[in-house]
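Notes follow the structure.
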Amino acid sequence: MINVNLTAVKDNIRTAAVKTGRDPGSVRLICVTKEATTNQMFDALSYGATELGENKVQDTLLKFRAIGNKAVWHLIGHLQTNKAKDAVSVFSLIHSVDSVKLAKAINKEAEKVSKIQDVLIEVNVSGEGTKFGISPDELENLLMSVKELQNIHCIGLMTVTPLTDAPENSRGYFRKLKELAVQFGLKELSMGMTQDYQVAIEEGATMVRVGRAIFSS
Ligand SMILES: *Cc1c(COP(=O)(O)O)cnc(C)c1O
């Protein structure tokens, strides 16, 4: 089933990219495994998945022990400062930086292990649906603070859109995130999940975070 699902998602990614004149290779699929078992994750990797997204550090540590560096790990959920050390030890990209305090905590732990930690800033463009993420008018200040930190590198923006069963409802939010990325010269855009990843790609997503479409049968 995972094989079939993964193929379908990849086909949809290709279609959405081609539809808007984009190179399908410019969109990375992050398989969201927060509800998947380690066995399912190994399955996905054997069928060609390479990047895994988790939203809790604690859960990831257990899975990481089994899977290790056979995958590229993304933290897509909220991060507490006291988990920064573990997060830095596992994740290639932390999608959810939304405060100076958190950025500093990550920077400090990254410095200890001589890592430059790539991060995204989470922006709550909809103003609803999630209590995490900064508002768009706080972005400039946070970016300036992050720039002063030596061991953390902000490469783009992330957003979580409100739950919907109509993908078009998300389009305006994706467009807004893209505008902010352009305004601040940021390349990566992590946006779109099972409910709306095709629309996100049409609006410029460089990473989509898809869970249910792959792992629920
Ligand atoms: C769970 C989750 C996803 C994936 O959602 P699906 O509906 O399973 O595709 C994407 N992003 C975040 C932040 C999540 O927590």
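The values are calculated or read from the model by the stated rules, or taken from the named source; none is laboratory data. Note that the structure is predicted; figures quoted are calculated from it, not measured. A quick note on method: Cβ atoms are made from the backbone with ideal geometry, for glycine too, and the neighbour counts reach across all protein chains shown. These area figures cover heavy atoms from the full protein model, side chains too; ligands, DNA and RNA do not enter into them. Shrake-Rupley method; radii C 1.70, N 1.55, O 1.52, S 1.80 Å.
Some values worked out for this structure:
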| read-out | value |
| --- | --- |
| Cut-off 12 Å, label 7 Å out along Cα→Cβ of residue 163, residues of segment 122-154 by amide N | 129-130 |
| Residue among 161, 194, 33 with the largest mean-square fluctuation in a Gaussian network model of the chain, springs linking Cα atoms under 10 Å | 194 |
| Simple spin-label estimate for residue 114 and residue 35 in nanometres, 7 Å along Cα-Cβ | 4.3 |
| Computed log₁₀ I(q)/I(0) - Debye formula, equal Cα scatterers, no solvent, the chain, q 0.08 Å⁻¹ | -0.26 |
| Candidates 108, 178, 70, ranked by Gaussian network fluctuation over the chain, Cα under 10 Å, top entry | 70 |
| Accessible carbon and sulfur surface of the chain relative to its total accessible area, %, 1.4 Å | 49 |
| Selection from 134, 77, 110, by position along the positive dipole direction of segment 72-176 (Cβ) | 110 |
| Net charge, residue 163 excluded, C-beta distance under 11 Å - Lys, Arg +1, Asp, Glu -1 | -3 |
| Exceeding the 26 Å Cα-Cα cut-off - candidates 70/147; 112/178; 10/83; 104/131; 83/178; 63/176 | 70/147; 112/178; 10/83; 83/178; 63/176 |
| Among 189, 93, 163, residue whose mean-square fluctuation peaks in a GNM of the chain (springs only between Cα atoms under 10 Å) | 163 |
| Given the chain, longest segment not containing exposed loop GluC sites (Glu not before Pro) (DSSP; at most 12 other Cβ within 10 Å) | 36-127 |
| Average accessible surface area per residue within the chain, 1.4 Å rolling probe, Å² | 48 |
| Within segment 6-28, backbone nitrogen closer than 14 Å to the virtual label 7 Å beyond the Cα of residue 47 toward Cβ | 6-12 |
